[in-house]
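Comments concern the structure below.
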Protein chains: 2
Amino acid sequence: MSFSPLIRQLIDSLRILPGVGQKTAQRMALQMLERDRGGALRLAQALTRAMEGVGHCKQCRSLSEDEVCQLCLDPRRDDSLLCVVEGPMDVYAVEQTGFRGRYFVLKGHLSPLDGLGPEAIGIPDLLARIEAGNFSEVILATNPTVEGEATAHYIAQLLANKGLIASRIAHGMPLGGELELVDGGTLAHSIAGRRPIQL
Amino acid sequence: MSFSPLIRQLIDSLRILPGVGQKTAQRMALQMLERDRGGALRLAQALTRAMEGVGHCKQCRSLSEDEVCQLCLDPRRDDSLLCVVEGPMDVYAVEQTGFRGRYFVLKGHLSPLDGLGPEAIGIPDLLARIEAGNFSEVILATNPTVEGEATAHYIAQLLANKGLIASRIAHGMPLGGELELVDGGTLAHSIAGRRPIQL
């Protein structure tokens, strides 16, 4: 037995959600049809409104429905620190740490093989943002992947030419990790970045 | 930092999906906003169309956008077998087994404490369907839970009064299961329902 066309379209459409395969999409579709049609209609409306109403902040390039986001407008934040990340999701992750400076969101990382150079990921905009601001330190919080590292080094070089301090987030053992399970590269970073114990 | 209102509404709405908590909903919302706005708009449309267009087949009560579903209209199916299940999702599960009779979908199971009696779950409609048809056997495929068993027994009693054969799906060890891990009730059913080995 195959699903009727409308149900099949719904199942196919649900598969764009991250982590949702065929089986999960079926379960979601049938469960909404059976138990929560009101919620499903509200979801449809929320999707349409968000996709049409949410753009990017013109200052930090994070997701925002206003021209400049609440975070950029907040006068209580530290104007001397700028944190550079690869995407809007990273802003929410860094916010959890208690960081209270400003942000700049790149469009991913440098990836010459995919044709993504400095312009494509917004590095000229980053430089313009830094020129316009009054930052004493730029924290490069791109991901600790090969591309993320390359992007951080590229930006650090540009900033060094302008006499600005760029810092990189620390690499090492994640809390709760085990030495025998972590990869060699991480452990090497962890040992190279060792710090004296404060007693 | 909190999410902007439209993003927050989208995250809240996504939480109606089964198995989606706060973190997953955030990831889904931001990923759609960043990478697949077209897909998200198509999802919104598919949701609206399905919720408004899909009803229940008037014969088997399964989900259908037509008055009578494709399965009930199919002339190649066995008109002597009726399989009774608790919900539309169960129809898709039983279809996978190769069963090719007809179906009747109850609205859940008997649950007197929740005020769900025979009328609420559609047992009078089931009896009417059986009267109208020409079934030689009614397979009661409600779930092997206390409520599912009670529902099956209740229906079997009604059918016995009419001189109709009602059968119950077998309970026992799931394939690939392990005796030392399975619960005592299942194992007891498995032993009580043992069958001679055909050599």
- Please list the non-local residues whose amide H lies under 5 Å from the amide H of B:Tyr103, H modeled 1.01 Å from N, same-chain partners needing a gap of 5 or more. B:Cys83
- Query: In what sequence do B:Asp74, A:Asp183 fall when counting other Cβ within 10 Å, fewest first?
  - Reply: A:Asp183, B:Asp74
- Amide proton proximity set for B:His56, modelled H, under 5 Å, gap of 5+: B:Ser64
- Looking at the protein assembly as shown, what % of the alpha carbon pairs are farther apart than 30 Å? 59 percent
- Query: In Å, the Kirkwood hydrodynamic radius of the range B:1-154 over pairs of distinct alpha carbons?
  - Reply: 18.3 Å
- Each label point is 7 Å from the Cα along the Cα-to-Cβ direction; what then is the distance between the points at B:Leu199 and A:Ile165, in nm? 8.6 nm
- To the nearest 20 debye, the range B:76-168 has a Cα-centred charge dipole, built from +1 on Lys and Arg Cβ and -1 on Asp and Glu Cβ, of 300 debye
- Message: Could you derive backbone 3J(HN,Hα) for the range A:119-126 from the dihedral phi with the Karplus parameters 6.51, -1.76 and 1.60 (θ = phi - 60°), listing whole Hz in sequence and x where the residue is Gly or Pro?
- Response: 5, 4, 9, x, 5, x, 5, 4
- Query: Which whole-Hz ³J(HN,Hα) couplings does the range B:142-155 yield from phi under the Karplus relation 6.51 cos²θ - 1.76 cosθ + 1.60, θ = phi - 60°, glycine and proline marked x?
  - Reply: 6, 5, x, 9, 4, 5, x, 5, 4, 4, 4, 5, 4, 5
- If contacts are Cα pairs under 8 angstrom and at least 6 residues apart, what is the relative contact order of chain A in percent? 12 percent
- Task: Kindly state, to the nearest 0.05, the FRET efficiency for B:Asp78 paired with A:Arg76, given R0 = 51 Å and r defined as their beta-carbon distance.
- Result: 0.10
- Item | Estimated Rh, the range A:49-135: Kirkwood, alpha-carbon pairs, angstrom | 13.6 Å
- Could I have the simple spin-label model distance between A:Arg8 and A:Ala188, label points 7 Å from Cα toward Cβ, reported in nm to one decimal? 5.3 nm
- Would you look at the GNM of chain A, springs on alpha carbons closer than 10 Å, and say which of A:Val94, A:Val138, A:Val84 moves the most? A:Val94
- Can you list, largest first and rounded to whole Å, the semi-axes you get for the range B:6-53 by taking the square root of 5 times each eigenvalue of its Cα gyration tensor? 18, 14, 8
- So which GluC sites (Glu not before Pro) in the range A:140-197 pass both tests, a DSSP loop state and at most 15 other Cβ atoms within 10 Å of the Cβ? A:Glu178, A:Glu180
- Looking at the range B:73-197, what % of the alpha carbon pairs are farther apart than 19 Å? 53 percent
- Task: Identify which of A:Leu41, A:Leu106, A:Leu164 has the largest mean-square fluctuation in a Gaussian network model of chain A, with springs joining Cα atoms closer than 10 Å.
- Result: A:Leu41
- Inter-centroid distance (Cα atoms) of the range B:111-143 relative to the range A:154-198, Å: 65 Å
- Using the Karplus equation 6.51 cos²θ - 1.76 cosθ + 1.60 (θ = phi - 60°), what ³J(HN,Hα) coupling, rounded to whole Hz, does each residue of the range A:64-73 give in order, writing x for Gly and Pro? 7, 8, 9, 4, 10, 6, 4, 5, 6, 7
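Here, each number is a calculation from the coordinates, and none is a lab measurement. Keep in mind it's a predicted model, so treat the numbers as computed, not measured. Counting neighbours? That spans all protein chains shown, and the Cβs are built from the backbone with ideal geometry, glycine included.
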